[in-house]
Each structure stands twice: as structure tokens, then as C-alpha cells.
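What follows is a short report on a single structure.
The values are calculated or read from the model by the stated rules, or taken from the named source; none is laboratory data. Predicted model, so just to flag it, every value in this text is computed and none were measured. Note: ideal-geometry Cβ built from the backbone for every residue, glycine included; neighbour counts use all protein chains shown. Quick note on the areas: whole protein, heavy atoms, side chains included, nothing else; ligands and nucleic acids left out. Shrake-Rupley method; radii C 1.70, N 1.55, O 1.52, S 1.80 Å.
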Amino acid sequence: MSLLSDRQKEELHKSVLEYLHANNFTDAFNALKSDTGLDYAPDAKSKYAGLLEKKWTSVIRLQKKIMDLENRNAVLQEEISLSPAKRAALQTDWVPRAPAAYALKGHRGQVLKVAFHPTFNLLASASEDSTIKIWDWETGEFERTLKGHTRPVNDVDFDSKGNLLVSCSSDLFIKIWDAQNEWKNTKTFPGHEHTVSSVRFLPGDQHIVSASRDRTIRVFDIGTTHLVRTISGHSDWVRCVTPSEDGKLIASCSNDQTARVNDPLSGELKVELRGHEHTIEVVVFAPVSAYSAIRELAGIPNTDRSKRQGQYVATGSRDKTIKIWDTQSGQMLRSLTGHDNWVRAIVFHPTGKFLLSASDDYTIRVWELATGRCVKTVQAHGHFVTCLAWGRQSTSAGSSDGAKPNGAAASEPEKIVNVVASGSVDQTIKIWLP
């Protein structure tokens, strides 16, 4: 079946006859003339003379032009993808790179913790100077100082809606601040017998969980401020406590060189994780988005498609390593080495592809989870980097965890909020933006 109309066929045949005649291909000329049944006398002045050659060279010229344009297009596409603004818009795998967008100054002591507001462009920072400061991370502007604690403020966390901020301090108190009412200190929880080092809202925003140097983890009812449960088990200072995204598990870590996973309702110990050789500073649950990369890292067949919360945790320690654990078996799956000093903070990338860590070696490192390789080292601060947080993702799953956000909900794709904050002994907070 021909793609040409009858008129186009006739014109092509006449052009070919002209070409054959001009090149003295007499037999071919006669054969084509007889096969086509055309009564045509070649004429050097006719429009068909030289037409085939013209068409042929113009096709080659056009082909070359198309190839040139395609090459130019590829170069431009690459340039666009490398421009930071476009990269952020197009790519979900942004990670911090120097220099930071802002260095927030104002604290008079080391910055111990940072937490993002879940909906507004606000960041809370806790400091050794006994204050909490609120900042606008998009503009880098200082908003206000919250005073009430009398000793260093060790941790801060927003509830899932951003209505309340919780803080804990070496003054033994936990405080709730009302973000909708001029940040007033509306509740104070006594209950610990030594420095309170970590505090988190449990999903549902009805309870808070705290960890202390008195070796206990405590769960408080926010409405009544009553102590609901005391969980013992660690034999030394409990440094950090964090809930799984569904709130069914809590993970804690301690100077006793172990991390533990408990049921916050019954207090029952689910697993104890042993393997670090020094104080564990931080523990964080892996988001579901990281499960396939973790399984690849550990060589676990990805036949288990389970999306159950709390299957894996990561810990960071003064032994300079980060370890990834299976909370079912208590098995250590991988140890990530590279930092030259204590690891103070870790946070999973919202896509689950990377893990970020902050250390007393002044750097933030980016680890590719599937391979365990350190793919980037950012010279972050002029002193120890104490804390790290990723902007809260707008998930439908209620509360995720502020200073250690649990990434996007399983209902991908979510719009990823590309902002990272780090705090340091140098008394500054750095804001890292695309």
C-alpha cells in the first residue's frame, strides 16, 4: 500500500525518469517508463529536471538540522536540571549543599535541638541558654524568645497541627507552649528526678513521652498533666526517645550503650539493640519509604512488602558510627562508618533513599541507604553539630515527628518540603535550602 497520492506518484516517477535520463541510464529509463505506462519526454527545462537531487540534499540537510537541535536540546535540559531552583522543583532527591541559605544568630549558648512547625514556615530552637527561640526559616528572621525554663532546654517538638510546642529541660520540667495564644506557657509537668533530655508528642496529640537522666521514660496525659506510665529498663541516662509513626512503639537510647523498643501503652519491652561501643545519642524509626532501600542494604529479599510501622530503626553513637537495626529480630543490619567524632543526630530523607547524619566533626553527611555509601559531606558549622531536622512533610497520617520527621506517608506522592535545619555548639542555626 503506497503512502503517496496518484499525483505524488506521477511526480516522483517523472523526477526519477529525469534523473535516469540525465545520467544516461537508458535501459533503466526505458524499463521504468514501460512499467509505469507514463508517456513522458525528458525536458531539461521542466520542473522535474534535477528535482530528485534537490529533494535528496534537502532531506539530508534537515536530518542534520534535527540532530543539531536534539543535541542542543539535551545540553539545555542538562543545564536546567543543574540550576538549583529547577533542581528543587524537578527532583525529589535534593540534599543539603553548602553554603547554607541562612545562619540564624541570637542564642547565647549552644543550640541543642531544632524542630519545624508542621504547616507554617516556623522553626523552634532549644538552647543551653535556657530559652527557646522561634524563627521564620523562609526569610531567616527572628520572631520571638520563649522564657520559662531555668536551665538548658534540651528538646522541643510540635504537635501534628502545630498548635502546641513541648519543651524539656535540665531544670527537671517539661513545658507546653500555646502557639495560637502568644506562645504562652500553658502547662508544666513535674515528674522526672533528673535532667529531662528528650520529649515528643505521641501520635494523636493526647500524650507526650519523655526521657531523662533519671534512667526512666515517662508518658504524660497532656489534658490532665498526669503521669500515665513510667518505663524503666535502661541502666543509665536515657538520651533520646521517639515514637513510631503510628504511635504503637517507642524507641529509646542511653548512655548504657543500648537502644530499646517498647510498647508505650503497656511499657512492655519488645527488643533491646546491643552493638554500639559508647553512649547512643540518637535513635529514629525508618519511614516506610526507606524499607526497600534498607532491605537492599541488608541483602534481605524484597519479598516482604510489609508496610508495618517501626520495622527498622537507626541509631547514632559516640562510637562515631550509625547503625541500622531490624526491630523484629534485634539484628544489626549495617554499620555506617565515616564520621571522625560523635554522631549526634540522624534524620531520614523523605524519599527514603538517604540518611542524613550530624556529628561533632563539624559536618553533615548524606548516606545512600541502598548501598551504605557516604555520597556527600557538607562542612556545616564551625563547631560540633548537635542537631538536625528535615522540614515536616504534609502527611495525612496525623502527627509525624518534628525533629526526626518520618517522611512522606505511604500514600505517595507527597509534595516534599525541601528544607533542613542544623544547630551547633557555635550557637548558630543553619537553614539549608535548594
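A few remarks follow.
- Scanning the stretch 132-158 for residues that are at pLDDT 95 or above, among the β-branched types (V, I, T) and more than 20 Å from S210 (Cα to Cα) yields a count of 2.
- In the stretch 118-131, the residues that are more than 17 Å from N185 (Cα to Cα) and either at pLDDT below 95 or of a type in the set (A, V, I, L, M, F, W, C) (or both): P118, T119, F120, N121, L122, L123
- Residues of the stretch 301-340 that turn out to be open to solvent by 80 Å² or more (accessible area, probe 1.4 Å) and outside any strand (DSSP E or B), as a count: 9
- Verdict on K376 being part of a strand (DSSP E or B) and open to solvent by 30 Å² or more (accessible area, probe 1.4 Å): yes
- Residues that are crowded, with 17+ Cβ neighbours inside 10 Å and either in a loop (DSSP other than H, G, I, E, B) or free of Cβ contacts under 8 Å to residues at least 12 places away in the same chain (or both) within the stretch 259-289 comprise P264, G275, H276, T279, A286, P287, listed in sequence order.
- Matching option when the condition is touching a helix residue (DSSP H, G or I) at 6+ places or on another chain (Cβ under 8 Å) and either charged (D, E, K, R) or not assigned by the TED database to the domain that holds I324 (or both), among K270, K248, K307: K307
- Being under 17 Å from G310 (Cβ atoms) and acidic (D, E) holds for only one residue in D236, D246, D205, and it is D246.
- Contact annotation: residue pairs with Cβ atoms under 7 Å, 6 or more positions apart or on different chains, pairing a residue in the stretch 110-126 that is assigned by the TED database to the domain that holds S198 with a partner that is open to solvent by 10 Å² or more (accessible area, probe 1.4 Å) and small (G, A, S), are P118/S160.
- Selection of the stretch 341-353 for residues being touching a Leu at 6+ places or on another chain (Cβ under 9 Å), at pLDDT 95 or above and open to solvent by 10 Å² or more (accessible area, probe 1.4 Å) yields only R344.
- Residue count for the stretch 98-144, restricted to those that are over 16 Å from D426 (Cα atoms), in a strand (DSSP E or B), aromatic (F, W, Y) and open to solvent by 30 Å² or more (accessible area, probe 1.4 Å): 1.
- Put simply, of A345, A314 the only residue that is touching a Gly at 6+ places or on another chain (Cβ under 8 Å), of a type in the set (A, V, I, L, M, F, W, C), in the same structural domain as Q379 (by the TED database) and within 27 Å of N255 (Cβ to Cβ) is A345.
- Close Cβ contacts (under 9 Å, 6 or more residues apart or on different chains) running from residues in the stretch 127-151 that are on the phi > 0 side of the Ramachandran plot to residues that are open to solvent by 30 Å² or more (accessible area, probe 1.4 Å) and aliphatic (A, V, I, L, M) comprise G140/A101; G140/A103.
- The stretch 83-97, subset open to solvent by 60 Å² or more (accessible area, probe 1.4 Å) and not aliphatic (A, V, I, L, M), residue modelled with the highest pLDDT: R97
- Checked against the criterion of being under 22 Å from G423 (Cα atoms) and touching a residue at least 24 places away in the same chain (Cβ under 8 Å), the candidates I294, I324, I346 yield just one match: I346.
- Residue in the stretch 59-69 that is assigned to a helix (DSSP H, G or I), more than 25 Å from D6 (Cα to Cα) and either acidic (D, E) or open to solvent by less than 60 Å² (accessible area, probe 1.4 Å) (or both) present: yes
- On inspection, D43 qualifies as open to solvent by 60 Å² or more (accessible area, probe 1.4 Å), out of contact with any Phe, Trp or Tyr (no Cβ under 7 Å at 6 or more places or on another chain), more than 30 Å from W183 (Cβ to Cβ) and not β-branched (V, I, T).
- Checklist (1) out of contact with any Leu (no Cβ under 6 Å at 6 or more places or on another chain); (2) within 19 Å of S359 (Cβ to Cβ) applied to A259, failing item: (1)
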